[in-house]
1. Out of the residues in the range 60-73 that are small (Gly, Ala, Ser) and within 32 Å of the chain's Cα centre (by Cα), state the one that is modelled with the highest pLDDT.
2. Spot the failing condition for VAL376; the list is (1) within 16 Å of the ligand (Cβ to nearest atom); (2) under 30 Å from ALA289 (Cα atoms), and only one is missed.
3. Please state which one of PRO65, PRO30, PRO73 is in contact with a Gly (Cβ under 7 Å, 6 or more places away or on another chain), assigned by TED's automatic domain parsing to the domain that holds MET140 and either touching a residue at least 12 places away in the same chain (Cβ under 8 Å) or not β-branched (Val, Ile, Thr) (or both).
4. Here is a list: ALA282, ALA242, ALA237. Which entry is closer than 30 Å to VAL24 by Cβ, in contact (Cβ under 8 Å) with a residue 24 or more places away in the chain and in contact with a Gly (Cβ under 9 Å, 6 or more places away or on another chain)?
5. Here are the criteria: (1) surrounded by 18 or more Cβ atoms within 10 Å (Cβ to Cβ); (2) more than 16 Å from the ligand (Cβ to nearest atom); (3) not hydrophobic (A, V, I, L, M, F, W, C). Tell me which single one HIS487 does not satisfy.
6. Could you tell me whether any residue of the range 425-436 is touching a residue at least 60 places away in the same chain (Cβ under 8 Å) and either touching a strand residue (DSSP E or B) at 6+ places or on another chain (Cβ under 7 Å) or closer than 30 Å to THR219 by Cβ (or both)?
7. Filter the range 131-186 down to residues that are charged (D, E, K, R) and closer than 22 Å to ARG98 by Cβ, then give me how many there are.
8. Right, LEU405: over 20 Å from the mean Cα position of the chain (by Cα), within 15 Å of the ligand (Cβ to nearest atom) and not acidic (Asp, Glu) or not?
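The values are calculated or read from the model by the stated rules, or taken from the named source; none is laboratory data. Bear in mind the structure is a predicted one, so any value in this text is a computation, not a measurement. Ideal geometry is used to build each Cβ from the backbone, glycine not excepted, and the neighbour counts take in all protein chains shown.
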Amino acid sequence: RILILDFGSQYTQLIARRVREAGVYCEIHPYDLDDRALQSFAPRGIILSGGPSSTVGEAAPRVSPLVFKLGVPLLGICYGMQAMAAQLGGEVEVSTHREYGYAQVRVHGHSQLLQNIEDHTTAEGKALLDVWMSHGDRVMSLPEGFKRIASTDHAPLAAMADEARRFYGLQFHPEVTHTRQGVRILERFIYGVCGCEGLWKPGHIIAESIESIRGKVGTDTVLLGLSGGVDSSVAAALLHKAIGNQLICVFVDNGLLRLGEADQVMATFARHLGIKVIRIDAESRFLEALAGVVDPEAKRKIIGRVFIEVFEEAAAELPNVQWLAQGTIYPDVIESAGGKTGKAQVIKSHHNVGGLPEELNLKLLEPLRELFKDEVRHLGTELGLPFDLVYRHPFPGPGLGVRILGEVKKEYADLLRLADAIFIEELHAHGWYDKVSQAFAVFLPVKSVGVMGDGRCYDFVVALRAVESVDFMTARWAHLPYDFLDHVSRRIINEVSGISRVTYDISGKPPATIEWE
Ligand code: XMP
């Protein structure tokens, strides 16, 4: 197994993920892990992550000197390389030229780490790598025993190696996808240098998580807000497997869910999986609170607030609950941390990120906190959740509340649910659902004139939206075939009385957002 010592880089989890993808078990620990823990972990190799600090100066974070004496291979990435250089007697300086983003690295000499790995070759036959750099400081002189194995114009020592001790340093980030050969480099370190075999499987996460949940919770009772989305569903299934009936879920039907969704959630969790789920029908409460409100952010806040109220009331009815579980996943952790620095502008306040009541006075349990979405999905299928649930499109916390433009009314929500269900059903039927990242209908509270049969009609409009996206930060509208759109439009207009016009949204993000509000 591999030990990752974390200096606080945004990418540390990504390193862990790459190691696990290579089938090798790893754990992330803080850089100042003490000697006893270091020894008892007995790693086959250690990776020192990047980090935001400067290596120069008294207060610069350092690993225990024992790290260099365990006799196991080391890989220092970015700050990790600088810390290694500084601790072993090399020199690091604050560079006047900061290097961020794409860079081309020249490979020098032979090293076990980079040998025969290249993106291009120069006229002289030297290997070049396309990499992702992000650093301010740089190594100026190598510690004893090291040689240079790569350089860029601004970082003459972009990678270093001490083959005898099997210590390597990379100034660039092999864990990010922009470093094209990154996976190969990491695998070279894990398999070639450390001699690990790729035997570990993600399914092992289940066993470990269960053990850790049981250890923490003991005989206590845990409360979970179940939304029916992927994250809270997987958290519920995992907790149920770990602690059975000590888990109680609260599912709030806010009246802004998709067609039949509340019943489906109850069928899956309460009936099929045998999980204790308390369903609270709070449609009228949400709709009353939303009456007359048109501003999207105001609507989001109201939906968030009423949710907390309803949830707290439900929790108050349950005596002896000690833990509040949440389906927080790793990207939520990064996002909310990023938010705290105040640099990112709030485009939309996503109320379900880190948003449950603190007043409940419960201990927080976040069993998915270290996992990426695809790992969560994988876990979900391993835990026996239905494929359709695990691979469903994201659905915003405020639900149809932000898909009905302006004031939310029950009449509008009912029409929208029917139109949306037809669109989704057809996407499934024609094999498009899994090809697009998110699709839904939006209700436009405007009336347009039409003819139906022999009469004139004057009814509402819905817009269909389907996008392709990797991270939902940017998106391209899905180029669905005209015939398909034609078919969906006809069905909606024929089957949903009250809607007489269907449009298709052809805006990309940016500048448009995915949701209309
Ligand atoms: P936008 O509309 O900002 O959406 O392009 C990006 C992704 O976030 C989802 N979204 C939300 N999710 N609460 C959520 O939990 C919200 O208030 C919210 N607003 C947007 C949206 O569905 C898309 O997947």
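1. My answer is SER64.
2. (2)
3. On inspection, the qualifying residue turns out to be PRO73.
4. ALA237
5. Status for HIS487: all satisfied but (1).
6. Looking through the range 425-436, none of the residues is touching a residue at least 60 places away in the same chain (Cβ under 8 Å) and either touching a strand residue (DSSP E or B) at 6+ places or on another chain (Cβ under 7 Å) or closer than 30 Å to THR219 by Cβ (or both).
7. Number of matching residues: 5.
8. Considered against the rule, which asks whether it is over 20 Å from the mean Cα position of the chain (by Cα), within 15 Å of the ligand (Cβ to nearest atom) and not acidic (Asp, Glu), LEU405 comes out as yes.
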